[in-house]
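Accompanying notes for the structure given below.
All of the numbers you see were taken from the coordinates with simple rules; none came from a lab. Note that the structure is predicted; figures quoted are calculated from it, not measured. Note that we place each Cβ from the backbone using ideal geometry, even for glycine, and neighbour counts take in every protein chain shown.
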Amino acid sequence: MGVNHYFVEAEHELTPRNHQVRMEFAYAGYGPGKGGKVTLYADGKSDGAGNIPMTHAIVFSTDDGCDVGENSGAPVSPDYGPVGKGFNGTVRGVLLSIDEDPKNSEHLINPEDVVKAILGRH
């Protein structure tokens with residue numbers, strides 16, 4: 001959202017060849033807006049980790065966070081300008097996987113509340 005920035009960086013720079021990169025987020029849980037632990041992987045090996053103190057507690061856009069290679073909204077980092085700073089390689093695939101833990105579902109938002117927020121109705 002361009003208000004707070006939290007960074008978790010890889011320990012090693014990627015070489016110029018094909019790589020498989022992955023980010024896992026372990027939600028701290030029990031309510032919207034909580035933080036969690038980020039673990040980065042390069043070619044199947046852990047390559048950095050850190051904690052994020054908070055996440056967004058409400059819905060701002062139905063497609064925010066779905067960009068790949070370039071953020072069409074605000075830059076992902078203040079290190080980048082607002083436009084023209086996209087990834088210049090080739091993304092060969094993206095997989096988004098959400099683990100549904102039945103013991104930790106309090107972070108889920110009621111679909112009716114989402115519609116009310118989008119329509120600006122209470």
For this session: Could you calculate the contour length gain from ASP43 to GLN20, that is, 0.36 nm times the residue separation minus the distance between their Cα atoms, to one decimal place in nm?
Result: 7.8 nm
For this session: Calculate the spin-label point distance for LEU119 paired with LEU96, positioning each point 7 Å from the Cα along the beta-carbon direction, and give it in nanometres.
Result: 2.4
Exercise. Check LYS34: other-chain or 5+ apart residues with amide H under 5 Å from its amide H, H built from backbone geometry?
Worked result: THR55
Exercise. So for PHE87, PHE25, fewest C-beta neighbours within 10 Å to most, what's the order?
Worked result: PHE87, PHE25
